[in-house]
Ligand code: 5AD
Ligand code: SF4
């Protein structure tokens with residue numbers, strides 16, 4: 001047996017041992033073994049989580065990949081599946097950046113991957129079900145390819161019940177880590193590669209800010225920029241304050257530098273991201289500086305389009321409205337989740353505003369920005385929502401004239417106050433309400449789209465349309481999808497398109513200088 005064969009034999013033995021371990025270890029043994037000190041094996045506890053600690057937020061600027069891990073991924077590939085919100089999409093860009101600096105290449109082909117990470121979402125039960133489905137699908141691949149590393153990260157990993165379930169039922173998973181320790185990825189991958197046991201590292205701390213993390217952004221035209229992390233709002237239905245920690249804002253100079261850097265790279269649009277961007281800066285102790293001030297500073301940077309999401313109506317202040325009213329690169333599309341049109345339900349949701357206060361805010365915004373586009377998020381079927389209360393959501397939808405809305409059926413989340421409530425609304429009624437609301441949302445969207453007939457709009461061209469490679473697609477300043485025929489050379493540019501046809505959720509048009517009809 002030569003050296004190479006000996007190595008292969010040793011590898012096969014280690015793989016067989018690994019599979020045996022997976023098959024034979026009892027879940028209790030695993031649980032006892034893998035909960036590190038960092039992981040507090042308890043369900044998200046709203047009372048505990050509410051008591052935000054007074055400790056200062058630590059800023060770390062010293063991220064680097066240890067030397068012995070810089071080439072660990074050479075010749076290997078990674079795949080990250082992302083579920084949920086833009087925050088998760090952006091975390092995926094960071095993890096892709098870290099893995100790339102470790103020498104890994106990205107792939108879209110599951111069978112080719114040496115590392116698969118599932119970046120998960122906990123916001124509703126169906127998001128979690130999808131992830132557990134995928135975990136199950138990956139089992140045969142792991143048995144076939146024991147060297148494959150499968151990791152679960154993101155919001156679901158911050159829930160004790162999820163970690164328990166993976167330990168008990170999905171022992172083919174190699175690695176579980178949470179939302180606060182993404183920067184530990186090189187160490188975690190190393191441990192997973194060289195250790196024999198499942199690595200669980202979930203921090204229940206409230207979060208620091210880690211700057212200078214590498215990123216591989218998904219495109220070259222639009223970019224996300226985190227401005228803050230976490231949420232202290234504690235809406236009674238929502239798991240996010242427990243999975244993402246306390247509100248903490250990045251320093252303005254770090255954000256501005258990142259935006260400038262994106263401009264230098266040719267990006268045309270940035271979206272400033274946070275769970276509750278309107279609370280930006282409230283945690284600064286040394287300076288008075290909020291989202292309005294940040295937008296004012298970014299307004300002066302030479303980037304054509306700036307958006308921000310997600311807003312909370314409670315913290316949407318006059319300074320921000322005044323700054324947004326300057327227009328220019330600050331787009332007047334405001335996503336302003338209302339959740340319900342009933343003041344009673346809003347109170348039960350702990351949203352901290354009434355229907356009237358929300359409408360007053362809308363009036364202020366419209367006064368300052370008469371053409372502003374408003375979109376929203378709505379939950380139907382909150383525990384014990386009455387027919388009248390639901391009707392109030394329908395009338396609010398019309399009264400505000402939302403041009404689009406993300407609509408959801410309430411999903412109980414373990415550890416949140418609403419999940420402990422008895423609920424007398426049958427599932428069928430909730431589905432009916434969602435259906436009725438969606439009909440209204442579609443109607444309002446289609447009506448808005450019709451007003452664009454014959455208009456000339458500015459479109460940031462993102463690439464070929466998903467349905468037809470001969471058609472280009474992009475978004476207007478108000479976030480309307482436009483399909484049109486034009487030369488591929490305009491991808492990445494902002495062009496004028498005349499609208500010739502309108503649909504419920506998109507517009508068709510011809511390029512103003514280059515009139516090629518879309519069929
Ligand atoms: N059930 C249903 N929808 C929810 N959302 C947040 N938590 C829940 C839940 N438990 C919705 C809210 C929020 C959006 C991101 O998801 O509308 O704005
Ligand atoms: Fe969840 Fe948004 Fe409410 Fe925060 S503000 S608790 S993220 S719904």
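The values are calculated or read from the model by the stated rules, or taken from the named source; none is laboratory data. Remember, predicted model here, so these are calculated numbers, not experimental data. Here the Cβ positions follow ideal geometry from the backbone for every residue, glycine too, while neighbour counts run over all protein chains shown.
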Go through 461, 457 for me and flag whichever is farther than 25 Å from residue 365 by Cβ, crowded, with 19+ Cβ neighbours inside 10 Å, away from ligand 2 (no atom under 16 Å from the Cβ) and at pLDDT 95 or above. 461
Only one residue in 370, 383 is within 13 Å of ligand 1 (Cβ to nearest atom) and in a loop (DSSP other than H, G, I, E, B), so which one is that? 383
Inspect all residues belonging to the range 227-237 and state whether any of them is in a helix (DSSP H, G or I) and within 16 Å of ligand 2 (Cβ to nearest atom). no
Matching residues in the range 284-318 (under 22 Å from the mean Cα position of the chain (by Cα) and within 16 Å of ligand 2 (Cβ to nearest atom)) number 10
Condition (residue is more than 9 Å from ligand 2 (Cβ to nearest atom) and out of contact with any strand residue (DSSP E or B) (no Cβ under 9 Å at 6 or more places or on another chain)) applied to the range 244-252: is it met by at least one residue? yes
Selection from the range 225-242 of residues that are within 11 Å of ligand 1 (Cβ to nearest atom) and within 13 Å of the chain's Cα centre (by Cα): 240
Of the residues in the range 388-411, those that are within 12 Å of residue 430 (Cβ to Cβ) and either assigned to a loop (DSSP other than H, G, I, E, B) or away from ligand 1 (no atom under 11 Å from the Cβ) (or both) come to 390, 410, 411
When the residues of the range 258-287 are filtered to those that are in contact (Cβ under 8 Å) with a residue 24 or more places away in the chain and assigned to a helix (DSSP H, G or I), which remaining residue is surrounded by the most Cβ atoms within 10 Å (Cβ to Cβ)? 277
So which residues in the range 328-362 are in a loop (DSSP other than H, G, I, E, B) and without any contact (Cβ under 8 Å) to a residue 12 or more places away in the chain? 354
Among (1) assigned to a helix (DSSP H, G or I); (2) more than 16 Å from ligand 1 (Cβ to nearest atom); (3) farther than 16 Å from residue 259 by Cβ, residue 323 falls short only on (3)
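Being more than 25 Å from residue 415 (Cβ to Cβ) and in contact with a helix residue (DSSP H, G or I) (Cβ under 8 Å, 6 or more places away or on another chain) narrows it down to one of 175, 213, so name that one. Before you say what the answer is, go through the steps one by one.
On the way: 175 fails: more than 25 Å from residue 415 (Cβ to Cβ).
Matching residue, one of 175, 213: 213.
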Which of the residues belonging to the range 323-373 are more than 15 Å from residue 393 (Cα to Cα) and out of contact with any helix residue (DSSP H, G or I) (no Cβ under 7 Å at 6 or more places or on another chain)? 327, 331, 333, 335, 350, 360, 363, 366, 367, 370, 371, 373
Residue check for residue 219: crowded, with 23+ Cβ neighbours inside 10 Å and either away from ligand 1 (no atom under 16 Å from the Cβ) or without any contact (Cβ under 8 Å) to a residue 40 or more places away in the chain (or both): no
Answer residue from the range 182-206, given it is touching a residue at least 24 places away in the same chain (Cβ under 8 Å) and in contact with a strand residue (DSSP E or B) (Cβ under 6 Å, 6 or more places away or on another chain) and is surrounded by the fewest Cβ atoms within 10 Å (Cβ to Cβ) among those: 183
